[in-house]
1. For the peptides 336-349, 44-57, what is the packing order when you average, over each peptide's residues, the other Cβ atoms within 10 Å and list the highest mean first?
2. Per residue, how big is the convex hull around the C-alpha atoms of the chain? Give it to me in cubic angstrom, could you?
3. Can you give the log10 of the normalised intensity I(q)/I(0) at q = 0.15, 0.19, 0.21, 0.23 Å⁻¹, computed with Debye over equal Cα scatterers of the range 343-457?
4. How high is the FRET efficiency from residue 211 to residue 366, r the C-beta distance, R0 45 Å, rounded to 0.05?
5. Taking the Cα centre of the range 91-145 as origin, sum charge times position over the Cβ atoms of Lys and Arg (+1) and Asp and Glu (-1), and report the length of that vector in debye to the nearest 20.
6. Give, rounded to the nearest 20 debye, the magnitude of the charge dipole that the chain has about its Cα centre when Lys and Arg contribute +1 at Cβ and Asp and Glu contribute -1 at Cβ.
7. Of 262, 286, 109, which is farthest along the charge dipole of the chain in the positive direction, counting Lys and Arg as +1 and Asp and Glu as -1 at C-beta?
8. Could you check how much of the accessible area of the chain is carbon and sulfur, as a whole percent, using a 1.4 Å probe?
Amino acid sequence: LPDASLFQYPRQAYETALKNCGSVIGVYRKNRLEYIVDNSHTLQVLTNDAVFSAEQGTAAILNMPFLTALPRSLIGTLDKVVNKGVTPKIEKLLVKLEPIFQRYMFGLAAQADGANKPVPVELVHSVHEAMAESMLLLIIGAVCQDKELVAAAIEVANDIATVTGIFQNIGYWSRTFPTTWRVFTWIRMMIFTIPWTFRKIACSVWKDLKRARQTGNTNHIDPDCVVHWLVKDNGHIPSFTECIWIVCFTLGIIFASVHQTSAVIVWVFYELAVKREYLPALRKELSSILETDPDTGKPVLTYASLRNAEQLDSFIREVMRMKGDTIVVVRLTTKDVPLGRYVIPKGSLITPLATLSNENVEYWGEDAIKFIGDRWVGTDKTAASISASYWPFGLGRFACPGRFLAIAEIKLMVLTLISRVDIFMEGGKYEIVDPLNTVSVPPHGQLLISPLEKPFL
Ligand code: HEM
């Protein structure tokens with residue numbers, strides 16, 4: 001497929017090729033041969049771990065093949081940390097995250113105070129800051145009010161996104177000389193930029209670990225944070241090398257959580273600002289799900305109330321289904337695998353085309369290509385419930401373990417802002433920057449806000 005059509009109209013290019021050539025196609029993208037399959041192979045490719053490796057696929061697509069050669073599985077451990085150390089505490093964590101999200105969203109809302117026409121605001125930056133601060137709280141504990149640490153977390157997430165090629169589709173040099181760009185960026189980022197930006201966070205974690213090694217206990221570490229869980233899971237006070245591992249895991253979780261969630265939050269806000277007809281129903285829902293803080297008597301959003309936000313959940317699911325994702329997750333074949341009319345050689349990158357699941361009339365009915373914000377209300381299909389027909393969080397053993405937290409965070413951020421202001425897009429639209437990577441690259445646009453007469457929160 002020619003680069004021009006692949007980068008500008010990836011969905012049409014892949015879909016047409018699959019229609020014309022059968023259920024499996026091989027396509028060169030950025031000097032790498034990738035196999036793209038249609039929805040008839042989705043379940044098998046994403047869940048048959050014996051021959052389609054999620055870990056090796058993720059490592060290869062992130063331009064970090066060395067990950068699979070490490071003595072411990074980084075991706076497997078991250079999965080375990082989030083599943084066992086984060087998700088079971090989600091209720092408690094959200095109580096801690098709510099004030100952070102409120103501070104940032106109310107800060108944005110305050111910019112429209114007294115304005116008589118909609119005011120432009122820097123949504124993307126505030127979303128990144130709120131996400132970075134909240135994830136630092138979750139990962140390293142209560143010390144995260146430090147602005148420099150928050151800035152470092154944003155930079156780290158962005159730097160890793162760059163090294164992993166997430167922005168590679170956008171730049172002229174990265175598209176024209178992909179291999180040279182990959183090598184050059186990898187060296188620049190891994191040797192210079194990432195160690196420099198990550199040092200502040202690493203030092204903070206290291207200080208906690210060093211004290212644990214000196215005192216033999218973890219009483220000084222926030223018991224709800226990931227670092228505490230990692231030390232406890234280790235079974236004993238970590239050795240020097242185990243401390244290095246723990247520092248690496250914090251890096252991995254910051255990347256996995258901050259960047260992707262921020263991108264989806266921006267998508268949801270922009271879609272909502274364009275499809276403003278859904279706002280009244282969401283505010284009505286907000287007033288019905290609010291709970292009362294027993295200490296202050298003020299209205300609050302808890303995990304339970306967020307779970308009851310069915311209208312918003314449905315809207316988020318519809319945004320994730322319809323934003324045009326093409327390549328979402330990748331697997332690597334661990335042996336020659338027969339598939340359709342072909343045999344895919346060992347060591348190949350392979351991925352199903354997401355649009356063929358997301359907008360498939362066989363799965364979702366004749367109006368599958370229509371955006372219906374409340375389509376999922378009253379069904380058992382939530383934004384986080386994945387299947388072979390909806391998998392923005394991946395599928396199988398390695399599906400995203402952070403998806404429940406991510407959806408709760410998106411809801412919290414959206415409801416907090418729209419509880420105080422009305423939102424609009426300048427010109428009534430936004431621009432998709434990278435149609436080949438709608439997963440990690442948020443759209444561009446200018447969000448405008450104006451104050452509500454009567455705030456809900
Ligand atoms: C809307 C936000 C998010 C999206 C769209 C997203 C999406 C994904 C996807 C597609 C995968 C690969 C799954 C596969 O290969 O089948 C993944 C893996 C992962 N995600 Fe998320 N994610 C999000 C938020 C988060 C958050 C908030 C966390 C942490 C709290 C997280 C932690 C992870 C981890 C640790 C992995 C690797 C685990 C593994 O492959 O087993 N993610 N995510």
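The values are calculated or read from the model by the stated rules, or taken from the named source; none is laboratory data. These numbers were taken from a predicted model, which means no experiment stands behind them. Using ideal geometry, Cβ is built from the backbone for each residue, glycine included, and neighbour counts are taken over all protein chains shown. The area values use the complete protein model at the heavy-atom level, side chains included, leaving out ligands, DNA and RNA. Shrake-Rupley method; radii C 1.70, N 1.55, O 1.52, S 1.80 Å.
1. Ranked by mean Cβ neighbours within 10 Å, highest first: 44-57, 336-349.
2. Given the Cα convex hull of the chain, per-residue volume reads 150 Å³.
3. So the normalised log intensities are -0.99, -1.39, -1.46, -1.46.
4. Rounded to the nearest 0.05, the efficiency is 0.15.
5. Using Cβ point charges on Lys, Arg, Asp and Glu, the range 91-145 gives about 60 debye.
6. Computed about the Cα centre, the dipole is about 1000 debye.
7. It is 262.
8. Using a 1.4 Å probe with all protein chains present, the chain comes out at 56 percent carbon and sulfur.
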